[in-house]
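What follows is a single structure, written as structure tokens, with notes after it.
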Amino acid sequence: MNLRSSDIYLIDASIYIFQSHFSPYVECHDSEGNELSALYGFTTFLLQFLRRTRPRYAGVAMDESLFCGFRHQMCPDYKSNRELPDENLEMQLNACAEVCEVLGLSAHSSRKYEADDIIGTLAEQVCSDVADDAELVIVSRDKDLAQLIRDDSHYLWDYSGNKKRYRKHILDDYGIHPEQFPDYLGLIGDGVDCISGVPGVGPVKARALLANFHDMSGVYENLHKVPELELRGAKRLAELLEQHRDLAELSKELATIVCDAHCNPEDEEETFVGIGAEDLEIKNPSVKDLQALLRRYSFVDEDQERILSQLRSLMQSD
């Protein structure tokens with residue numbers, strides 16, 4: 001393939017896998033009637049993405065750490081509203097990782113770190129490799145990843161909605177700078193991930209605190225100044241912050257994306273640690289290998305041909 005773009009794309013796979021799995025518009029079953037919608041939808045997403053962006057570099061982050069990652073060890077309630085995938089979905093998740101390899105993409109997962117941490121660590125490692133005329137692009141609609149947008153040329157891309165959010169957009173949307181997101185979520189919590197935050201502190205109060213004191217450390221260093229803020233309930237706010245400091249600090253830690261993940265010498269699964277942009281260079285895909293994979297997962301002929309046709313079209317257009 002003639003890969004032209006020097007931008008570096010880091011893809012949050014779970015967004016697009018589960019979007020396909022739960023979408024009423026994506027329906028695919030194998031020859032015996034078993035569900036394959038997640039695998040089918042993710043595969044077509046990747047093919048469309050490759051054709052649309054023509055990337056030279058891309059990394060895919062996948063999640064394997066539900067209920068076994070380090071955050072769950074810190075807080076058993078973390079993401080306690082989630083369910084482990086059933087046997088069929090687990091099979092499809094494994095197949096999605098295989099599809100990445102067949103299409104020449106570098107895919108990474110961990111039972112300790114979440115996909116966000118993989119993206120954060122990759123971003124930290126490859127930032128120095130981003131050319132002057134290139135951009136670091138995080139492909140996801142997850143607001144938590146906004147904290148990784150540290151340069152004006154980098155952006156968060158909601159691919160399905162075709163919405164790009166640079167630093168200025170994060171500030172406009174949330175009233176905080178991207179790097180303040182962990183502090184913000186530490187204060188208000190995040191119901192999606194079962195992060196409690198400080199009871200009684202909502203977005204308005206959190207934005208005021210961060211505007212005045214920058215981060216959570218600054219808030220607690222200046223707790224005596226909080227009652228003086230021109231904010232309704234400022235005195236009560238200071239009391240709540242003091243009463244729930246441990247909870248606030250735990251919530252911030254849970255919401256902070258790891259950007260310096262370390263590899264256990266006895267565990268070879270952290271394949272995303274210590275790599276650079278050259279390790280994310282996309283390899284040539286194989287029609288033969290993709291066809292073999294589709295047959296192994298018993299795709300019906302019509303769906304096989306639809307997917308293979310997309311790959312052929314991608315390769316012919318280069």
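The values are calculated or read from the model by the stated rules, or taken from the named source; none is laboratory data. Given the structure is predicted, the values throughout are model-derived calculations rather than measurements. Neighbour counts run over all protein chains shown; Cβ positions are idealised from the backbone, glycine included.
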Test for residue 256: is it of a type in the set (S, T, N, Q), surrounded by 15 or more Cβ atoms within 10 Å (Cβ to Cβ), modelled with pLDDT under 95 and under 30 Å from residue 138 (Cβ atoms)
no
Can residue 45 be described as among the aromatic types (Phe, Trp, Tyr), within 23 Å of residue 146 (Cα to Cα), in the same structural domain as residue 97 (by TED's automatic domain parsing) and modelled with pLDDT of 95 or more?
yes
Checklist (1) in contact with a helix residue (DSSP H, G or I) (Cβ under 6 Å, 6 or more places away or on another chain); (2) within 30 Å of residue 106 (Cα to Cα); (3) at pLDDT below 95 applied to residue 279, failing item
(1)
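Restricting to the range 29-51, name every residue that is of a type outside the set (Ser, Thr, Tyr) and not in a helix (DSSP H, G or I).
Within the range 29-51, 29, 30, 32, 33, 34, 35, 36 qualify.
What do you reckon, is residue 249 within 30 Å of residue 127 (Cβ to Cβ), at pLDDT below 95 and in a helix (DSSP H, G or I)?
no
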Within the range 101-112, can one find any residue that is among the acidic types (Asp, Glu) and within 17 Å of residue 53 (Cβ to Cβ)?
no
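In the range 288-318, what residues are charged (D, E, K, R) and in a helix (DSSP H, G or I)?
Of everything in the range 288-318, those that are charged (D, E, K, R) and in a helix (DSSP H, G or I) turn out to be 288, 289, 295, 296, 301, 302, 303, 305, 306, 312.
Any idea which residue in the range 300-318 is modelled with the highest pLDDT, counting only those that are touching a Lys or Arg at 6+ places or on another chain (Cβ under 9 Å) and either closer than 30 Å to residue 128 by Cα or hydrophobic (A, V, I, L, M, F, W, C) (or both)? Reasoning before the result, please.
Just the residues of the range 300-318 that are touching a Lys or Arg at 6+ places or on another chain (Cβ under 9 Å), to begin with: 304, 310, 313-314, 317-318.
Then keep just the ones that are either closer than 30 Å to residue 128 by Cα or hydrophobic (A, V, I, L, M, F, W, C) (or both); that gives 314, 318.
Details: 314: 93, 318: 66.
So the residue we want is 314.
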For the condition at pLDDT 95 or above and either exposed (fewer than 13 other Cβ atoms within 10 Å of the Cβ) or among the acidic types (Asp, Glu) (or both), what is the one hit in 199, 203, 265?
199
